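The values are calculated or read from the model by the stated rules, or taken from the named source; none is laboratory data. Here the structure is a predicted model, which is why all the values come from computation and not from measurement. Here the Cβ positions follow ideal geometry from the backbone for every residue, glycine too, while neighbour counts run over all protein chains shown. Just the protein is used for accessible areas: all its heavy atoms, side chains included, with ligands, DNA and RNA removed. Shrake-Rupley method; radii C 1.70, N 1.55, O 1.52, S 1.80 Å.
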Amino acid sequence: MNRSAAEVLNEFGPFPGVEHVHGVTYDGRHVWLATGRTLGAFDPETGKPQHSIETEADAGTAFDGQYLFQLAEDRIHKIEPASGNILATIPAPPGSNSGLAWAEGSLWLGQYRDRKIHQLDPDSGAILRTIESNRFVTGVTWVDGELWHGTWEDDGSDLRQIDPVTGKVLQLLEMPQGTGVSGLESDGADRFFCGGGASGKLRVVRRPR
């Protein structure tokens, strides 16, 4: 396993009226933050807020190229970004649901205390397979066929790339002391967007090559 210190490239926030960053996703232009009662979009180049949707948003967020998916307690809402309308709702698996990602036509859901990542059918919510972790799982993201997730346990937090079949840790980026990772998303290239939980911040971390 390759272990190194995470390189924090930028830090945004805390944002006005935001007490907690839960889920994080990226639509190619905007980073979306789930902040409890709203989904807010901002420009990751300038840090300026762009758009906000009032919706239950207490955990992970994902984007499939057209629609947002948002964890809301025991449900996952499919949301049209421009209008904020909820188009569909599927049940979320029971457990401490945390992160959410979209890849390969499926939703990928992290479970915090259960230390698991589930691949879900986006139409029914059925669990297609499960990957075990040995740490509390927060955010989840895929980039270039790599599965990454955040951890936050005992005041320590890291980003780790795991084998999507075995769950074996392949790479680990240790976050600076006192900076936790709640949500996690990739920009599809060299940056990870990391929600900072109760700090109300979002940190940009370099993805190693």
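Check region 184-200 and report whether any residue there is more than 13 Å from the chain's Cα centre (by Cα), at pLDDT below 95, open to solvent by 10 Å² or more (accessible area, probe 1.4 Å) and farther than 22 Å from Gly40 by Cβ.
Looking through region 184-200, none of the residues is more than 13 Å from the chain's Cα centre (by Cα), at pLDDT below 95, open to solvent by 10 Å² or more (accessible area, probe 1.4 Å) and farther than 22 Å from Gly40 by Cβ.
So, of the residues in region 150-183 that are within 25 Å of Gly65 (Cα to Cα) and in contact with a Leu (Cβ under 7 Å, 6 or more places away or on another chain), which turns out to be surrounded by the fewest Cβ atoms within 10 Å (Cβ to Cβ)?
Filtering region 150-183 for residues that are within 25 Å of Gly65 (Cα to Cα) and in contact with a Leu (Cβ under 7 Å, 6 or more places away or on another chain), the one surrounded by the fewest Cβ atoms within 10 Å (Cβ to Cβ) comes out as Asp163.
Working only within region 55-80, note down all residues that are over 15 Å from His20 (Cα atoms) and touching a His at 6+ places or on another chain (Cβ under 6 Å).
Listed by number, the list holds a single entry, Gln70.
Which of the residues spanning region 153-209 are part of a strand (DSSP E or B) and touching a Cys at 6+ places or on another chain (Cβ under 9 Å)?
Hits for region 153-209 are Ser157, Leu159, Leu184, Glu185, Leu202, Arg203, Val204, Val205.
Go over the candidates Leu87, Leu71 one by one and state the one that is of a type in the set (A, V, I, L, M, F, W, C) and either open to solvent by 60 Å² or more (accessible area, probe 1.4 Å) or in a loop (DSSP other than H, G, I, E, B) (or both). Full working, then the answer.
Numbers: Leu71 fails: either open to solvent by 60 Å² or more (accessible area, probe 1.4 Å) or in a loop (DSSP other than H, G, I, E, B) (or both).
Every option except Leu87 fails the conditions.
Of the residues that make up region 33-47, is at least one of a type in the set (S, T, N, Q), in a strand (DSSP E or B) and more than 15 Å from Gly125 (Cα to Cα)?
First pass over region 33-47, keeping only residues of a type in the set (S, T, N, Q): 35, 38, 46.
Then keep just the ones that are in a strand (DSSP E or B); that gives 38.
Next, from what is left, pick out any that are more than 15 Å from Gly125 (Cα to Cα): 38.
Within region 33-47, one or more residues are of a type in the set (S, T, N, Q), in a strand (DSSP E or B) and more than 15 Å from Gly125 (Cα to Cα).
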